[in-house]
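The values are calculated or read from the model by the stated rules, or taken from the named source; none is laboratory data. Since we're looking at a predicted model, the values are computed, not measured. Neighbour counts are summed over all protein chains in view; Cβ atoms, including those assigned to glycine, are modelled from backbone coordinates with ideal geometry. Accessible surface areas use protein heavy atoms only, side chains included; no ligands, DNA or RNA. Shrake-Rupley method; radii C 1.70, N 1.55, O 1.52, S 1.80 Å.
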Amino acid sequence: MRSPNFSLLLLLLSPAFTAALKTGDWKTCATSGFCRRGRALSARAEEAGSSWHSPYSLDPASVSIAPADAAFTASVRSSIHPDAKFGLDVRVHEDGVVRVRMDEVDGLRKHYDEAASWSLIEEPSISHDVQWTVGKKDVRAKFGANEVSVQFSPLKVTLFRDGHEEVVLNGRGLMHMEHFRTKEGTAVPEVAEADDGAQKPLQVNAAAWFEGEEQDAWWEETWSTWTDSKPKGPESLSLDINFPNHGNVYGIPQHATRLSLPATTGPDAEYTEPYRLFNADVFEYLPDSPMSLYGSIPLMHAHSAKSTVAVFNSIGSDTWIDVKYPKKGSTQTHWISESGILDVFLLPGPTPEKVFEQYARLTGAPVLPPAWALAYHQCRWNYVSSDDVRGVQERFDESDIPVDVFWLDIEYAEGHKYFMWDQKTFPDPVEMIQDVEALERKMVVIIDPHLKRDSNFPAYQLASESEVLVKPKSGEGEYEGWCWPGSSSWVDFFNPGAWDYWKSLFQLSPRADGKWSWTESTAKVGIWNDMNEPSIFNGPEISMPRDSIHYGGWEHRDVHNINGMLFTNHTYQAAALRADPPLRPFVLTRSFYAGSQRFGAMWTGDNLGTWEHMAVGLKMVLANGLGGMSFAGSDVGGFFGNPDAEMLVRWYGVGIFNPFFRAHAHIDTKRREPYLLDEPYRSILRDMIRLRYAMLPVWYTAFHEASVTGMPVLRPQYTVFPKDEAGFAIDDQFYVGASGLLVKPVTEKGATEASVYLAEDQVYYNYFTHEAYRGSARGKHVTLPAALHEIPVLIRGGSIVPTRERFRRSSPLMKADPFTLRVALGADGAAQGRLYLDDGETYAHERGELVWRGFSASMDKKGKGRTLRIASEDLASRDPRGAVERGALGAYEARNAFAGAVEPVRVEKLVVLGLGARPTSVRVEGADGGELEWEYVAGVGADGKKEGKAGVLTVKDPAVSVARDWAVVVKM
């Protein structure tokens, strides 16, 4: 939530103010000095053609190879600035990731070099097996099918696979690290008059062919009404990163655009501006634009039918990225950053799964959230009182609509002093929260990063006394800006002293030192971190001045994109400490960076209630998943506007298949809780939300896999079928984890059917009607019904989908409910699936308190008849390291306490799809109970070629435990 312009401050602080996007509130590349310089450099290179060459070269005599590690260092020189010195460090990690690091050596100042330390979970281990070889032209190292070459002159780094170029750094000669210099020593060349009256140059600018003639915004930059003092002078970093054999690139979230990134330069450019990574509070953002949004993850995937690779450019400053497709199957990118060192990780893949694994090993996998956080969240700006909250809860229950979480926006806080309840409207906050928690529901309360500058506000007073607030450009005192409370200051979470201060605020019991803490809360309250880009109403680009000072003397320009992640990081840690033993916190952030996936969820910000925003929100969620932020979603219904009933229903159809499922709305919108709709819309929404609850086992299992492997919860088409070129650009359908569910949400007005792409010669079943569709090895589109009450959902043949079909008012009340297994037979008569369970709220799973089951179906066609065996096995015993994130579980005890607690939970129904013949017998293998109760509806078999209603076998209450091994045998 936000409002956009300090010049309208009185309106800003009025909840009734709304306005459309004002593009003039943010810079373009042409109005950003360092981006302008970077693009001009690229233009000069383009004009020079083949005569262009990089001025950077590696000194072969300086190469120093580590004796035991796959690492070397070397000196780098620039022909245009021979006095500037640079150091190169290249290393190969144990998993084959190549890290390339370059920084200025013995410069006048220090470039910011700490970005990676905030995003990496640990310093990566360097390979001891790979060896570097120094040749006449380069240094090389070969590992498996991969090889990396570091060319001496001009400096170029190339990652090869099977002899083919995968990633090339500085292949077009656009790399440029602006070295630190004195203002006095950088005067523009002057001219003098010779004896004959002619003019002659006093000196020649030897760098002009590369850097240009002008000192464009080197020492000061004015934009709109703000002036950036730039005390360090020019320090930008330009780098071309090219993928000569990959024609699709993805990632670099967050942008409102297609998944396969459109070009920004070249003859097929769809945008004139580069993609920008600059965390910004963009009010009513455009649904098709490369402009920056709330989060920045400098990770780009490149894909072809032969391989998938990625680059992680660990930099925290404002960054612009041009994308060009010079020819079919090839991509060029140009990254221009305001400050920082060159610190690039080359992820060799060669498959999507390997890329996700490699990135997770660097920055961490998504955290396993509390189970309730995957259910339905109800929010608006604002529920106005504690009685309002209680009333909303009552209406949900009266309408039989499940919900797990109620949210409070900024109006709960007196004077927007977060933590401090407005006693007029929320006189009984703890009792209100307990009333919600009594029905196994939760509350989430917003805590924004700006602190009202009020000596009577404890959070500000303690921060000021501890001297942990961001400083103005002078480096003295406290930076002051304007946000919701008016005059505000911001905690500097780069300062280690801020960490304990922030954690102390969340203590539920009175502090021993007598200082204030948030005792009017509970251990289960979730936290919403908004406005953490940071959003500052009277700041340049509605953010903090770039010359503001953080801990260590670093300017805000150096750390801008990292700033929001540290706020969420320490909120997450503070929330985890409220209970003993700790409970898994839920924290939602708007701003994020590489590594934010370790601390919770994000949402796509202040969207509009339009069909275009509904559609692009799905693409954004998919892109965020590629960047590690799997726990993502868009505000259902749109934050702004009043969608009609059709749009709202369709938006819920999208929302129930977002990893983060929350309805949210602006303070000026009409109330649109689902129980307020007229029939038939209310019943449609009830059924949709119930479908989400039925599928919670699917979602939790997908999140478990993401927390272990880094694979996204929502999987784009190309990640599931990486060799099918027809699917590389598909971004309006997706698979939910490894469940086999293929979803195509409807995002068009008036639609009655939907076209779904099937990439394989396999049978797919309509989840609701059991209609069988046949794919093709060459790809095929099939048409599904999509009336307003219908969502196109298919089950991929060969999948087993676990659900819970008993409907409760909240998800924790479903913990003892039985399971239904949908067994979707594949063309070979087989199927498989997985189910992960734990207590859903503590960290006991890290000690092995969990159940992780594998389900399988196999067809035995020997003899006259056929036998289908459906079985359950213990995956955790077979692969304990795969049961918990980062392989933390060394051993697993199948009879652990949690497994014992859920042993009474049974499978109450098996639904077998694609069974082409009527069974003669259905029994539990090895049991004495005799024939099970079952019914069969004839239809097409999975192994045939016909389409139509599938043959369906329903086995009623086999009475087998979800936590034990068993098998059901079907004879035909």
What lysines does Lys137 reach when the alpha-carbon gap must be under 23 Å and sequence neighbours fewer than 8 apart in one chain are set aside? Lys85, Lys156
Expected unfolding gain across Glu431-Asp397 under the 0.36 nm per residue rule, minus the alpha-carbon gap, is 10.3 nm
What is the distance in Å between the Cα centroid of segment 91-159 and that of segment 509-540? 41 Å
Give the lysines reachable from Lys503 as a straight Cα distance under 18 Å; neighbours fewer than 8 places away on the same chain don't count. Lys417, Lys515, Lys524
Under 5 Å from the placed amide H of Leu741, counting only residues 5+ away or on other chains, we find Val736, Arg796
Find the accessible area per residue for segment 443-500; the probe is 1.4 Å, ligands and nucleic acids are left out, and the unit is Å². 36 Å²
For the table Lys136/Lys327; Lys749/Lys946; Lys328/Lys619; Lys909/Lys949, the rows whose alpha-carbon distance is greater than 25 Å are Lys136/Lys327; Lys749/Lys946
Area accessible to solvent at Lys27, 1.4 Å probe radius, in Å²: 30 Å²
Length released on extending from Leu439 to Glu873, taking residue separation times 0.36 nm less the Cα-Cα span: 152.8 nm
Stretch gain in nm, segment Ser64-Ala729, where the contour uses 0.36 nm per residue and the Cα spacing is subtracted: 235.0 nm
Kindly report, to the nearest 10 Å², the accessible surface of Asp228 as traced by a 1.4 Å probe over protein heavy atoms only. 20 Å²
Count the net charge of all other residues whose Cβ sits under 9 Å from the Cβ of Arg453, scoring Lys and Arg as +1 and Asp and Glu as -1. -2
How high is the FRET efficiency from Thr227 to Ala751, r the C-beta distance, R0 51 Å, rounded to 0.05? 0.50
Please give the FRET efficiency for Asn205 paired with Lys780, using the beta carbon to beta carbon distance and R0 = 60 Å, rounded to the nearest 0.05. 0.45
Considering only protein heavy atoms and a 1.4 Å probe, what is the carbon-and-sulfur percentage of the accessible area of segment 860-972? 48 percent
Find out how many positive minus negative residues lie around Ala208, taking Lys and Arg as positive, Asp and Glu as negative, among other residues whose Cβ is under 11 Å from that of Ala208. -2
Could you pull out every one of the aspartates and glutamates with an alpha carbon less than 19 Å from that of Lys861, ignoring same-chain neighbours closer than 8 positions? Asp828, Glu925, Asp943
Could you sort Phe592, Phe143 by accessible area so the largest value comes first, with the probe set to 1.4 Å? Phe143, Phe592
How do Lys354, Lys328 rank by accessible surface area computed with a 1.4 Å probe, from largest to smallest? Lys328, Lys354
Assign unit charges at the C-beta atoms only (+1 for Lys and Arg, -1 for Asp and Glu), then state the dipole size of the chain relative to its Cα centre in Debye, rounded to the nearest 20. 3180 debye
Heavy-atom accessible area order for Glu114, Glu476, largest first, 1.4 Å probe: Glu476, Glu114
Give, rounded to the nearest 20 debye, the magnitude of the charge dipole that segment 677-793 has about its Cα centre when Lys and Arg contribute +1 at Cβ and Asp and Glu contribute -1 at Cβ. 180 debye
Out of Gly848, Gly798, Ser810 - ranked by how far each Cα lies towards the positive end of the dipole of segment 779-866, with unit charges on the beta-carbon of charged residues - the top one is Gly798
Under a crude label model (7 Å from the Cα following the beta-carbon direction), how far is Glu214 from Lys328 in nanometres? 4.1 nm
So, R0 is 51 Å and r is the distance between the beta-carbons of Glu270 and Ser921; what FRET efficiency does that work out to, to 0.05? 0.25
Less than 13 Å Cβ to Cβ from Gly833, Lys/Arg counted +1 and Asp/Glu -1: what total charge do the surrounding residues give? +2
Taking only DSSP H segments of four or more residues, each worth -39500 (n - 2.57), what value at 222 nm results for the chain once the sum is divided by all its residues, to the nearest 500 deg cm²/dmol? -5000 deg cm²/dmol
For segment 259-413, the per residue accessible area (1.4 Å probe, Å²) is 22 Å²
